[in-house]
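Working notes for the structure below.
The values are calculated or read from the model by the stated rules, or taken from the named source; none is laboratory data. What you see is a predicted model; the values in this text were computed from it and never measured. All Cβ positions, even for glycine, are placed from backbone atoms using ideal geometry, and neighbour counts span all protein chains on display.
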Amino acid sequence: MAEASGGSKKLLWIMIVLVLLSSAGAAAAIYLVLDQRGENADNDETQQKVEHVPPVFTRIDPFTVNLADDRYGSRLLYTGITLRVGNEQSKAIIEEHMPQVRSRLLILLSGKQANELTSTEGKEELAQAIISRLHVPLTENQPPLDLREVLFTEFIVQ
């Protein structure tokens, strides 16, 4: 009978140790889950603290350009362009030098053929060409322009 009670004691101790280990494991899992929730709350607060910065646009008055001759003869492009810039300084520089900006655009556009401009890819390439053309400084000691996007607000090829 003494052996039976000794075996029961071992079994009891094993059960107690298993209960303690499983409780410790459960406590650790709960801690990790709550800790991750706390981090997500911190991230949410950080994301909420980020201010909404309104976009800065500068409009270029619409103009008409004679396109390069193609097999159909002379063609025209009527376009309105708006530039999305990264800051007010870039907007001010573009607006101060609008005659130079328009001249660069007219020269760029007049070298294009109508078939280059009618596809979506052609318009996207033109937008990239405009950004490249306007990244060349307009004056000496000009800070770099922060041009983000070219938006065609009007676009007619005839």
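Selection of the stretch 64-119 for residues being in contact (Cβ under 8 Å) with a residue 60 or more places away in the chain and β-branched (V, I, T) yields T79, I81, T82, V85.
The helices (runs of 4 or more DSSP H) found wholly in the stretch 63-158 and carrying at least 1 residues that are modelled with pLDDT under 95 and closer than 28 Å to H52 by Cβ occupy 88-96, 120-135.
Of the candidates N115, N66, the single residue that is assigned by TED's automatic domain parsing to the domain that holds T139 and surrounded by fewer than 14 Cβ atoms within 10 Å (Cβ to Cβ) is N66.
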